[in-house]
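Some notes on the structure that comes next.
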Amino acid sequence: MAFSAACAEEPTAAAQAPSAPTNPDQVVAEVAGKPITLKDVDAKWEEFDAAERARIIQATYQNRRNMIDVLVGDQLIANAAKAARFCAAITGTGGVCQPTMYEGGQKLAIH
């Protein structure tokens, strides 16, 4: 039982991973007073393993695009649910509510 309690206290992988620096001039380490920048790290990584660096950059790009799609979908679903609740409230009072399309979006036409 003590083991499972100890495991439960460990931070998740997301909590353990520090956010990656994005400024190429950001100092990420220092040795004997000489700063090492993110640009230096990336240049060495490119020199050391260009294919793996390219693969990671492409995977990051693709994952970000995928998450944009998820976030957009989440927002569209939330908007549709809100519109459905609004339409239900209108029809509940005897009104007529009919979705109509405009400029690639959806709008309620209230009669």
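Values quoted throughout were computed directly from the atomic coordinates according to the rules given, and no laboratory measurement underlies them. In this text the structure is predicted, and so the values were computed from the model without any measurement. Neighbour counts run over all protein chains shown; Cβ positions are idealised from the backbone, glycine included.
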### Message
What does the net charge come to around W45 if you take all other residues with beta carbon closer than 10 Å to its beta carbon, with K and R at +1 and D and E at -1?
### Response
-4
#### Entry: Calculated FRET value between A78 and A32, using beta carbons and R₀ = 41 Å, to 0.05
0.15
### Query
log₁₀ I(q)/I(0) of segment 21-110 at q = 0.11, 0.13, 0.22, 0.23 Å⁻¹, via Debye over equal Cα point scatterers, no solvent, to two decimals?
-0.60, -0.66, -1.08, -1.11
### Query
Measuring from label point to label point, each 7 Å out along Cα→Cβ, what is the I56 to V41 span in nm?
0.8 nm
